[in-house]
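Some notes on the structure that comes next.
What follows is calculated from the coordinates using simple rules that are stated; it is not laboratory data. Computed from a predicted structure; not experimentally measured. Neighbour counts are summed over all protein chains in view; Cβ atoms, including those assigned to glycine, are modelled from backbone coordinates with ideal geometry.
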Amino acid sequence: MSDVIGSERSSSLEAKVASELSALVKDVAIGAEFPFASNAAVCYALELFLPALLRVRFAEWKRESLDGFRIASARKVGPSAVELAGICILISDQTVTPFCAHLVVSPDTSSISAYRVRVGEAGHGPLGISGPDCNSSGAKRLLDGLMARMESVRWVYSVDSLQSPGDAGERQT
Amino acid sequence: MNPGPKGSCARVRRFSLGSRLRALWRIFLLQRVLDASGKVHGYLPEVQDLRRYHAEDLARLRDQLRIRVQTRIAKTVELGADYGHDARILEEQQLLKSIEKHWRIASERRDWQ
């Protein structure tokens, strides 16, 4: 999958995400939630990795990145698959927006073999997905209420490994 | 004359409403910047607002920024850079320099509130 992002650096980033996630869910039963702290080692790699996936198809993400996560749910959904949902901080304006990432780690834990990443609800800001300020009570409300309405969230950005690299990104409005 | 009870109640009476409000404002400003994990998130203070901080709060912010900038740089070396993180590092470094300059000048004047 590192070919999709397309650089040696991304490859090491992907390897870092894969190995950290794998270690995190090693002893977790499939279907079970696992503790995921915002300062976990994997977080910084994910802050770079998820935008890198989005940049492949959405040019506007070249100037945007993520600066932190607040996790509402972290669940092991397969032998080597995890699903993370919560809110992430947009680095450009330090506001939060919801995200959901489904990541499948390869058997040798050296790469991400499949993924589906969804980020953002319609809002304001540079990408039109900015929500409340990251330290506000609005951010806490967004996080607390996210799982209850996860199925009805209208994601603005969505990428998955089934799309071919040449596909133009389709921004949902 | 009854000196009154010792402890916080006695001390609170010695401060004016204005000074207590100023203290609350400083704490509010600081909490906007430092989150529970100690990472520096949110809008960074403007340089012209630095004088509103209490010396202890500003020292705490400065120390957090030093750690955070070092951490960000170390992570950038380890995992690579991107436009957004580079811009944030630059912003935090500039704020850190401003705080250090403000601290130096204020220390020379000894004009901490």
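Structural remarks
- For segment B:43-113, average projected area of the Cα convex hull in nm²: 4.8
- Here is what passes the span test in chain A: the DSSP H helices with alpha carbon length of 15 Å or more along the helix axis and a Kyte-Doolittle mean of -0.5 or above are A:8-24, A:41-57.
- Each stretch of four or more DSSP H residues adds -39500 (n - 2.57); spread over every residue of chain A, this sum gives -8500 deg cm²/dmol at 222 nm.
- In segment A:94-135, inverting the average of 1/r over every pair of distinct C-alpha atoms gives 12.0 Å as the Kirkwood radius.
- Annotation: aspartates and glutamates with alpha-carbon distance below 14 angstrom to A:K62 (same-chain offsets under eight excluded): A:E47, B:D82, B:D86.
- Ascending count of other beta-carbon atoms within 10 Å, so fewest first, for A:H102, B:H41, A:H124: A:H124, A:H102, B:H41
- Share of alpha-carbon pairs per 5 Å distance bin for segment A:43-87, given as whole %: 6, 19, 21, 24, 19, 8, 3
- Modelled FRET efficiency - R0 45 Å, B:K101 with A:R141, Cβ distances, 0.05 increments: 0.70
- The reciprocal of the average 1/r between distinct C-alpha atoms defines the Kirkwood hydrodynamic radius, which for chain A equals 16.1 Å.
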